[in-house]
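Input: a single structure, listed below in structure tokens.
The values are calculated or read from the model by the stated rules, or taken from the named source; none is laboratory data. Being a predicted model, the structure only gives us computed values, none of them experimental. Please note: Cβ atoms are built from the backbone with ideal geometry, for glycine as well, and neighbour counts cover all protein chains shown. For the accessible areas, the whole protein counts, side chains as well, though only heavy atoms, and no ligand, DNA or RNA atoms are used. Shrake-Rupley method; radii C 1.70, N 1.55, O 1.52, S 1.80 Å.
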Amino acid sequence: MKAFDTQIQSLKRQVDAAPWLKWAGLAIAVLVACFALQGLDAWRVARQKAGIEAEQTLRRTLALKGQDAWLAREKSALQLRDALKAQLPEVATPGLAQAALQNWLRGITSGFDAQQAATIRINRSAPVENMPGVLRVNIALNGTFNPRQALAMLRQIESAPNLVVLETINLQSDTSNTLHLTLNAYYRISGGDAAP
């Protein structure tokens, strides 16, 4: 305690010796108080906004509470999902899905000259999340195609009767004229819940 009392006495002597320290200490105290008030005000505003948003969410939820339209929307959404799923080609196994996609792409590329040297590679196949019985097959196609041939091939892929989605495409229109593309095709596995 003596050391603390000694330090307090020393501080008092310094403040008495330099009166501007009193004003500096008062200014520091005022600034600290202002920053504290500003922080409290910002916290109050944030809490007020959060309260208003929570009240609006509650009011929206209560307004929707008695509506039966959501049941009808759920029914129509399920019917649409099932109709779209029924349009996917059905295969017995994931291997047959991969083979079907590979043969379809070979058929498209066979219409071009032999110098295109197209290579087709299955990258992966996996079930679609939250859709049992639906398989996504990812495939890569690489070859030497000039821009006109590449555009013709893309038009054929785009007009596929099955659900086929281009994932990436890279066309280099230089002396090499190379085309690299990856696409996903979707299939239904017969039996519904079969997985690769």
_Å² of accessible area per residue within the chain, as computed with a 1.4 Å probe and no ligands counted_ = 72 Å²
*Most fluctuating residue given options 132, 19, 94, as computed from a GNM of the chain linking Cα atoms under 10 Å*: 19
*asked:* Contact order normalised by length for the chain, with contacts defined as Cα pairs under 8 Å and 6 or more residues apart; what percent is it?
replied: 20 percent
*asked:* Taking 8 Å as the Cα distance limit and 6 or more residues as the minimum spacing, I'd like the relative contact order of the range 88-189 as a percentage.
replied: 33 percent
*Helix hunt in the chain: which complete DSSP H runs extend at least 30 Å axially by C-alpha with mean Kyte-Doolittle at least -1.0?*
20-64
_Please give the Cα centre distance for the range 96-165 versus the range 25-39, rounded to the nearest Å._
69 Å
*asked:* I want the local charge near residue 68. Using Cβ-Cβ distances under 13 Å, sum +1 for each Lys or Arg and -1 for each Asp or Glu among the other residues.
replied: +2
*What FRET efficiency comes out for the pair residue 171/residue 85, r = Cβ-Cβ distance, R0 = 41 Å, nearest 0.05?*
0.80
_What distance in nm separates the two pseudo spin-label positions at residue 11 and residue 23, each 7 Å out from Cα along the beta-carbon direction?_
2.2 nm
*Any idea how far the Cα center of the range 1-24 sits from the one of the range 47-92, in Å?*
69 Å
_Quick check: from the Cα gyration tensor, does the chain come out rounded (a/c under 1.5), prolate or oblate?_
prolate
*Which lysines does residue 75 reach when only Cα atoms under 27 Å apart count, and residues fewer than 8 places away in its own chain are ignored?*
65, 85
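Is the C-alpha gyration tensor of the range 1-82 telling us rounded, prolate or oblate? Criteria: a/c under 1.5 is rounded; beyond that, a/b larger than b/c is prolate, otherwise oblate.
prolate
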*What FRET efficiency comes out for the pair residue 62/residue 34, r = Cβ-Cβ distance, R0 = 30 Å, nearest 0.05?*
0.10
_Quick check on the chain: helices-only [θ] at 222 nm, where DSSP H runs of length 4 and up contribute -39,500 (n - 2.57) each and the sum goes over total residues. Nearest 500, please._
-19000 deg cm²/dmol
*Where the accessible area of the chain is counted over protein heavy atoms with a 1.4 Å probe, how much of it, in %, is carbon and sulfur?*
59 percent
